[in-house]
Amino acid sequence: MEAYKKEFIEFMVESEVLKFGEFTLKSGRKSPFFMNAGAYVTGSQLTRLGEYYAKAIHEEFGDDFDVLFGPAYKGIPLSVVTAMAFHKLYGKEVRYCSNRKEVKDHGDTGILLGSDLHDGDKVVMIEDVTTSGKSIEETYPILKAQADVDIKGLMVSLNRNEHGKSADTTALEEVSKLYGFPTAAIVSMPEVMEYLYNREVAGKVVIDDKIMDALKSYYDEYGVK
């Protein structure tokens, strides 16, 4: 596993973005882990977060794109900090763009924040985590309605690796098959489980035998068959 992935896993734990225990998800599932990207709140955390996204995008999709698009609301700061990090790390100027939840009819009108979109723009979409693909289902038509853009890929921070509508395909893979662009994550839950098992972060073992058993049981039920 690349060094930046290991760093990112520890960063999620230290920032209390990734927690282990017993959680009830929006879907009603009982999960032994929970990821909340809204817990990145400080300047240093956001700076590091943008750099991890930039490194993963650089590795997975390369540098041949023009715009980072982050769906509202959590995708807005993600697209901003990653655009800044891309310039810092790779000297490449990319624009950020997000959608509004409601169309603005005065002043800076329209449904987009940040850069306008133009025919031929190469766009990388950026999200915190994809569980069901619902947000892409909402924002993909908005993107395509603004201009004839070329979506180069979708990058999320954590692939939960739960099955989608089909038991043999992850939700992230289903997005790729449905829309025809590649999808990737900075890290996946199997990588997190392997790296954190019996490992101390900030003086505490994050995944012990009890939590690992709970994770394995969860993936027996909700993982890809």
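The values are calculated or read from the model by the stated rules, or taken from the named source; none is laboratory data. Quantities reported herein were computed from a predicted structural model and do not represent experimental measurements. Reconstructed Cβ throughout: ideal geometry from the backbone, glycine too, with neighbour counts over all protein chains shown. Remember, those area values only see protein heavy atoms, side chains included, never the ligands or the DNA or RNA. Shrake-Rupley method; radii C 1.70, N 1.55, O 1.52, S 1.80 Å.
Yes/no matrix, rows are residues, columns are (1) under 20 Å from Ala185 (Cα atoms); (2) of a type in the set (D, E, K, R):
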| site | (1), (2) |
| --- | --- |
| Met1 | yes, no |
| Glu10 | yes, yes |
| Ser15 | yes, no |
| Leu18 | yes, no |
| Glu22 | no, yes |
| Gly38 | yes, no |
| Val41 | no, no |
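Yes/no per residue for (1) open to solvent by 10 Å² or more (accessible area, probe 1.4 Å); (2) out of contact with any helix residue (DSSP H, G or I) (no Cβ under 9 Å at 6 or more places or on another chain):
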residue: Thr47; (1), (2): yes, no
residue: His58; (1), (2): yes, no
residue: Phe61; (1), (2): yes, yes
residue: Gly70; (1), (2): no, no
residue: Phe86; (1), (2): no, no
residue: Glu93; (1), (2): yes, no
residue: Ser98; (1), (2): no, no
| task | Determine whether Leu172 is in contact with a Leu (Cβ under 9 Å, 6 or more places away or on another chain), at pLDDT below 95 and within 26 Å of Glu93 (Cα to Cα). | result | no
| task | Report, by residue number, each residue of the range 148-163 that is open to solvent by less than 10 Å² (accessible area, probe 1.4 Å) and modelled with pLDDT of 90 or more. | result | Val149, Gly153, Leu154, Met155, Val156, Ser157, Leu158
| Looking at (1) modelled with pLDDT under 95; (2) under 20 Å from Asn161 (Cα atoms), can you tell me which one Ile76 breaks? | (2)
| request: Please enumerate the residues belonging to the range 195-225 that are more than 20 Å from Lys30 (Cβ to Cβ) and of a type in the set (Ser, Thr, Tyr). | output: Tyr195, Tyr197
| query | Out of (1) open to solvent by less than 20 Å² (accessible area, probe 1.4 Å); (2) in contact with a helix residue (DSSP H, G or I) (Cβ under 9 Å, 6 or more places away or on another chain); (3) within 26 Å of Gly75 (Cα to Cα), what's the single condition that is false for Ile207? | reply | (3)
| request: Inspect the range 134-141 for any residue being without any contact (Cβ under 8 Å) to a residue 40 or more places away in the chain and within 21 Å of Asp64 (Cβ to Cβ) and give the result as yes or no. | output: yes
| request: Within the range 172-203, count every residue that is of a type in the set (Val, Ile, Thr), within 18 Å of Leu18 (Cβ to Cβ) and in a strand (DSSP E or B). | output: 3
| message | Exactly one of these conditions fails for Ser166: (1) outside any loop (DSSP other than H, G, I, E, B); (2) open to solvent by 30 Å² or more (accessible area, probe 1.4 Å). Give me its number. | response | (1)
| said: I'm trying to understand the selection: among the residues of the range 5-41, which are without any contact (Cβ under 8 Å) to a residue 60 or more places away in the chain, in a helix (DSSP H, G or I) and over 21 Å from Gly75 (Cα atoms)? | reply: Glu7
| task | Being open to solvent by 20 Å² or more (accessible area, probe 1.4 Å), among the basic types (Lys, Arg) and modelled with pLDDT under 95 narrows it down to one of Lys122, Lys144, so name that one. | result | Lys144
| field | Counted residues, the range 11-28 - those being at negative phi, open to solvent by 50 Å² or more (accessible area, probe 1.4 Å) and of a type outside the set (Ser, Thr, Tyr) | value | 5
